[in-house]
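For reference, the structure discussed in these notes is given below.
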Amino acid sequence: MNSSAPATPSRRIGVLLVNLGTPDSPKTPDVRRYLNEFLTDVRVIDNLPAVVHYPLFQGIVIPLRAPKSAKIYQQLWTERGSPLLFHGLDLQKKVQDQLGPDYVVAFGMRYQNPSIARALEELREAAVERIIVLPLFPQYASASTGSVQEKVMEIVGKWWIVPSISFISAFSDDPGFIATVVELGKREMAKHEYDHIVFSYHGIPERHITKGSVQNYCQFGSCCDTLNDKNRYCYRAQCFDTSRRVAEGLGITPDQYTVAFQSRLGRDPWLKPYTDIALKDFPAKGIKNVLAFSPAFVADCLETTIEVGDEFKEMFEEAGGEHWQLVPSLNSEPMWVDAVTAMIRRS
């Protein structure tokens, strides 16, 4: 007779991958719903009191913006739908395959569908022992990573049983992330000779930097020349650090690349230089062939494919430039899947 106790079933770890969000379709009503959720997030628009914020955006800004944005989303949409969504689902599946049965990987969007609430419910129903949350934003910003973290805590805080939860708050210097960006850049550099490289990051208002500054360390100058304990979560410092690491991997010097910021909204000062302004000066400086990276995004989306890939290309050529090429996002590249898997296992 075997008196040994039965083996204890292994307890699985839940993984939540989160990206920003996308409309359910490029139709104006769906775009309006997406913009309404996005632009009423107080971590995104943080400088207006609620009594002004909600009536202004819901009554004026969003109704005017939605039809214009819908036309742009129509250019972005593919047979598989929104690139941000299907690349996210592809990444989820591949990461799940690599991690194996000891993990349950879910995917959600901060705004719209599939929602964070739905993804977390998948993990709760799987009875995971703990949850690792990976917001898919390499550089920490309150309006992106911070918003995801707040939403997760808001939802899970209402559960009767709250599991252990950990966040991977940034991976701007992760070796696997950097190596994948470098590899994609080298593929493009093998096809064409470039005079200059642009690292274009999504901009944020300068006030977001100062609000999070440790001991008023951030001064929008040389303080970002190194990443240290005081600016570890400074978005600007992380962007410059990512750029330095990718440039090193590509074998280029500081004078061969520019770090700039795109997609500003409103009249308040945002991080500078602005990409759309900087690129117009390149041709006069003899820079006629530019390779553009978007290292704040890990999946193709409106800000990469349309803004950097199409709109900036047109601006550059109108200013006298000859060749503008966007480096594709990481999407579900095998190296990127390996990098995500490694980050989760380390966590």
Notebook entry, point to check: Can you give me the relative contact order of segment 162-238 as a percent, contacts being Cα pairs under 8 Å and 6 or more apart?
Noted result: 23 percent
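Tell me the carbon and sulfur percent of the accessible area for segment 78-154, rounded to whole percent, probe radius 1.4 Å. Walk me through the intermediate numbers first.
Values: 1500 of 3040 Å².
Using a 1.4 Å probe with all protein chains present, segment 78-154 comes out at 49 percent carbon and sulfur.
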Notebook entry, point to check: Of 52, 64, 116, which is farthest along the charge dipole of segment 27-117 in the positive direction, counting Lys and Arg as +1 and Asp and Glu as -1 at C-beta?
Noted result: 64
Item checked: From phi via Karplus (6.51, -1.76, 1.60), per-residue ³J(HN,Hα) for segment 197-214 in Hz, x at Gly/Pro -> 10, 10, 9, 9, 9, 5, x, 9, x, 4, 5, 5, 6, 5, 5, x, 5, 7
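Take the Cβ-Cβ distance between residue 281 and residue 117 as r, set R0 to 45 Å, and report the resulting FRET efficiency rounded to the nearest 0.05. Mind dumping the intermediate values first?
On the way: r = 46 Å, r/R0 = 1.02.
Once rounded, the FRET efficiency stands at 0.45.
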Note to self: If I model a spin label as a point 7 Å beyond the Cα along the Cα-Cβ vector, how far apart are those points for residue 173 and residue 27 in nm?
What the structure shows: 4.8 nm
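Which entries in 230/285; 272/313; 230/272; 27/280 show an alpha-carbon gap greater than 24 Å? Please list the in-between numbers first.
Values: 230/285 36 Å; 272/313 20 Å; 230/272 21 Å; 27/280 33 Å.
Among 230/285; 272/313; 230/272; 27/280, the Cα-Cα distance tops 24 Å for 230/285; 27/280.
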Next item on the list: At 7 Å along the Cα-to-beta-carbon direction for both residue 325 and residue 216, put a label point, then send me their distance in nm to one decimal.
Entry: 4.7 nm
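Counting Lys and Arg as +1 and Asp and Glu as -1, each charge on the Cβ, what is the dipole of segment 177-319 about the Cα centre in debye, to the nearest 20? Provide the component values of the computation, followed by the final result.
On the way: 17 positive and 21 negative charges, 109 e Å.
The dipole magnitude comes to about 520 debye.
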Notebook entry, point to check: Pick from 304, 226, 275: which residue has the top mean-square fluctuation in a GNM of the chain where Cα pairs under 10 Å get a spring?
Noted result: 226
Check: Which Cα, out of 266, 249, 238, lies furthest along the positive dipole direction of segment 218-276 (beta carbon charges, K/R +1, D/E -1)?
Finding: 266
Notebook entry, point to check: Over the chain, what is the mean sequence separation of C-alpha contacts under 8 Å (at least six apart), divided by residue count, expressed as relative contact order in percent?
Noted result: 20 percent
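Which chymotrypsin sites (Phe, Trp or Tyr not before Pro) does segment 240-316 hold that lie in a coil by DSSP with at most 10 other beta carbons within 10 Å? Walk me through the numbers before you get to the answer.
Numbers: sites: 240, 257, 261, 270, 274, 293, 297, 312, 316; in loops: 297.
Here no chymotrypsin sites (Phe, Trp or Tyr not before Pro) fit, given the DSSP loop and packing criteria.
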Notebook entry, point to check: Given springs between every Cα pair under 10 Å in a Gaussian network model of the chain, which of 202, 87, 192 has the largest fluctuation?
Noted result: 192
Next item on the list: Using amide H atoms built 1.01 Å from N in the peptide plane, name the residues 5+ places from residue 115, or on other chains, whose amide H lies under 5 Å from its own.
Entry: 109
Checklist line | Among 114, 138, 55: highest mean-square fluctuation, GNM of the chain, C-alpha pairs under 10 Å | finding: 55
Checklist line | residue 56 versus residue 228: modelled label distance in nm, points set 7 Å from Cα along the beta carbon direction | finding: 3.7 nm
Next item on the list: With a 1.4 Å probe and every protein chain left in place, work out the accessible area per residue of the chain in Å², rounded to a whole number.
Entry: 48 Å²
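What pairs from 68/211; 93/151; 151/211; 71/186; 93/186 go past 25 Å between their alpha carbons?
Values: 68/211 32 Å; 93/151 23 Å; 151/211 20 Å; 71/186 33 Å; 93/186 27 Å.
The pairs that break the limit, which is 25 Å between Cα atoms, are 68/211; 71/186; 93/186.
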Next item on the list: Would you pull out the residues with amide H under 5 Å of residue 21's amide H, same chain only if 5 or more places away, H placed 1.01 Å from N?
Entry: 110, 111
Check: Mean separation of Cα pairs under 8 Å and 6+ residues apart, divided by the residue count of segment 35-153: what relative contact order is that in percent?
Finding: 22 percent
Checklist line | Positive dipole terminus of segment 59-150, leading residue within 104, 149, 77 (C-beta point charges) | finding: 77
Checklist line | Set of aspartates and glutamates near residue 288 by C-alpha distance (under 18 Å), chain-local residues within fewer than 8 positions excluded | finding: 188, 193, 195, 255, 276, 310, 311, 314, 317, 318, 322
Margin query: Quick check: the distance between the Cα centres of segment 133-187 and segment 84-101, to the nearest angstrom?
Written below: 15 Å
Item checked: Antiparallel DSSP beta bridges within the chain, percent to nearest 5 -> 5 percent
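The values are calculated or read from the model by the stated rules, or taken from the named source; none is laboratory data. Just so we're clear, the structure is a prediction, and the values are computed from it rather than from any experiment. Counting neighbours? That spans all protein chains shown, and the Cβs are built from the backbone with ideal geometry, glycine included. When the accessible area is computed, the model is the full protein with side chains, heavy atoms only, and any ligands, DNA or RNA have been set aside. Shrake-Rupley method; radii C 1.70, N 1.55, O 1.52, S 1.80 Å.
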